[in-house]
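Below is one structure, written out as structure tokens; comments come after it.
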Amino acid sequence: MSKPKVIVTRRWPAPVEARLSELFDVTLNADDQPLGVAELQAALRSADALCPTVSDRISAEVLDIDGIRARVIGNYGVGFNHIDLKTAATRGLVVTNTPEVLTDCTADTAMTLLLMVARRAGEGERHVRHNEWTGWRPTHMMGTKVTGKTLGLIGFGRIARAMAHKAHFGFGMRIIFNDPYPPSAEIVNALGATACASVEDVLREADFVALHCPGGEATRHLMNAARLALMKPTAFLINTARGDVVDQPALVDALTSGRIAGAGLDVYDGEPKVPDALKSLDNVVLLPHLGSATLETRVAMGMRVIDNLEAFFAGKPPRDRVV
């Protein structure tokens, strides 16, 4: 019996690619260059499964074609707003993702950004590298204390709760949040968290605001000029969710005018492009979408994709089915 044909759009960690090669008739992306629309369409026509990443836009244009052979899209990542789920469902495609395995590492990245921007670590590192440091002095590069401050979370899913655990138990931070689908009272209480009735309530009260909501039309530019204006002038914005959740020109304006104190960003609207205006600001820490970027996590994500594909091709329900 022939193996299912699988096409992978980018390089994945070596142990995952090796396992894919054992189980499937797999085409790997050796040069790691993104596939264009025509290449993605060709993949859907020639393979039983397509395995994209967040950098691949699986749009209606890509999906609405004749002669689709693929039956499943095994997404490498927990987020799936880059996939047109409605069109995928219409075309009879099953879509899976990789939840749970990247929770802690993404929360670690959010805490890294929080600590870096509060303590001006990015500025300090550049200061040393550029040979500008002349020695210790009492007023040099003073930042903001983290311990005991209030962390406001927009969204309270797995990653937000992992960040809350680290912040509350590691730094004594007070946790507030808003989520339209909050977890049980038991989970909330275990984290010492308090639910707020609205996003706006979180913004008014928090010293640090961390975004943990999904991307997509429902949350596009959720952090716009009006909402940024509600934050304290001493507060910081942290985003490890999706770039389109933040109105970037409005954020630049808030940062340059002193409306907020700073920001730590791992994701961008239209990435990999990052506005020069953001790159020019010292009160921003910028990371290149490193949320889940540890070897252990990236391997686990790939193996989770494989688990879903194996289940699908065995006629069983994939545990991480999205549609």
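The values are calculated or read from the model by the stated rules, or taken from the named source; none is laboratory data. Remember, it's a predicted structure, so these values are computed and weren't measured experimentally. We place every Cβ from the backbone using ideal geometry, glycine too, and count neighbours over all the protein chains shown.
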Could you please give the count of residues in segment 78-96 that are in a loop (DSSP other than H, G, I, E, B), touching a residue at least 60 places away in the same chain (Cβ under 8 Å) and over 17 Å from His212 (Cα atoms)?
1
Quick one: what pairs do we get from segment 303-323, first residue more than 17 Å from Leu93 (Cβ to Cβ), second hydroxyl-bearing (Ser, Thr, Tyr), C-beta under 8 Å, 6+ apart or different chains?
Arg304/Thr98
Can you tell me how many residues within segment 44-92 are under 23 Å from Pro13 (Cβ atoms), among the hydroxyl-bearing types (Ser, Thr, Tyr) and surrounded by fewer than 22 Cβ atoms within 10 Å (Cβ to Cβ)?
2
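Can you tell me which of Glu217, Glu200, Glu205 is within 25 Å of Arg119 (Cα to Cα) and out of contact with any His (no Cβ under 7 Å at 6 or more places or on another chain)?
On the way: Glu217 fails: within 25 Å of Arg119 (Cα to Cα); Glu200 fails: within 25 Å of Arg119 (Cα to Cα).
Just a single option satisfies the conditions, and that option is Glu205.
Matching residues to (1) under 24 Å from Arg71 (Cα atoms); (2) not assigned by TED's automatic domain parsing to the domain that holds Val16; (3) not β-branched (Val, Ile, Thr):
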{"residue": "Ser280", "(1), (2), (3)": "no, yes, yes"}
{"residue": "Met301", "(1), (2), (3)": "yes, no, yes"}
{"residue": "Asn308", "(1), (2), (3)": "yes, no, yes"}
{"residue": "Pro318", "(1), (2), (3)": "yes, yes, yes"}
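Residues checked against (1) of a type in the set (S, T, N, Q); (2) within 22 Å of the chain's Cα centre (by Cα):
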position: Thr234; (1), (2): yes, no
position: Gly258; (1), (2): no, no
position: Val274; (1), (2): no, yes
position: Lys279; (1), (2): no, yes
position: Asp282; (1), (2): no, no
position: Pro288; (1), (2): no, yes
position: Arg304; (1), (2): no, yes
Of the numbered conditions (1) of a type outside the set (A, V, I, L, M, F, W, C); (2) surrounded by 15 or more Cβ atoms within 10 Å (Cβ to Cβ); (3) not in a helix (DSSP H, G or I), Glu123 fails exactly one; give the number of that condition.
(3)
How many residues, within segment 165-189, are not in a loop (DSSP other than H, G, I, E, B) and not aliphatic (A, V, I, L, M)?
11
Do we have Asp282 as touching a residue at least 24 places away in the same chain (Cβ under 8 Å) and acidic (Asp, Glu) here?
yes
Just for segment 1-37: of the residues that are more than 16 Å from Phe312 (Cβ to Cβ) and of a type in the set (Asp, Glu), which one is surrounded by the fewest Cβ atoms within 10 Å (Cβ to Cβ)?
Asp31
Could you please give the count of residues in segment 3-47 that are in a loop (DSSP other than H, G, I, E, B) and either free of Cβ contacts under 8 Å to residues at least 40 places away in the same chain or of a type in the set (Ser, Thr, Tyr) (or both)?
12
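Considering only residues that are part of a loop (DSSP other than H, G, I, E, B) and out of contact with any helix residue (DSSP H, G or I) (no Cβ under 8 Å at 6 or more places or on another chain), look in segment 190-215 and name the one that is surrounded by the most Cβ atoms within 10 Å (Cβ to Cβ). Show your work before the answer.
Kept after step one, since they are part of a loop (DSSP other than H, G, I, E, B), are these residues of segment 190-215: 191-192, 196-198, 206-207, 212-215.
Add one more test, that the residue is out of contact with any helix residue (DSSP H, G or I) (no Cβ under 8 Å at 6 or more places or on another chain), and what stays is 197-198, 206-207, 214.
Numbers: Ala197: 8, Ser198: 9, Ala206: 27, Asp207: 22, Pro214: 15.
Residue satisfying both the conditions and the ranking: Ala206.
Checking the structure you have, find out if any residue of segment 103-110 is of a type in the set (Asp, Glu) and over 26 Å from the mean Cα position of the chain (by Cα). If you could, list the steps in order and put the result at the bottom.
Narrowing segment 103-110 to residues of a type in the set (Asp, Glu): 104, 108.
From the residues that got through so far, the ones that are over 26 Å from the mean Cα position of the chain (by Cα) too are none.
For segment 103-110, residues of a type in the set (Asp, Glu) and over 26 Å from the mean Cα position of the chain (by Cα): absent.
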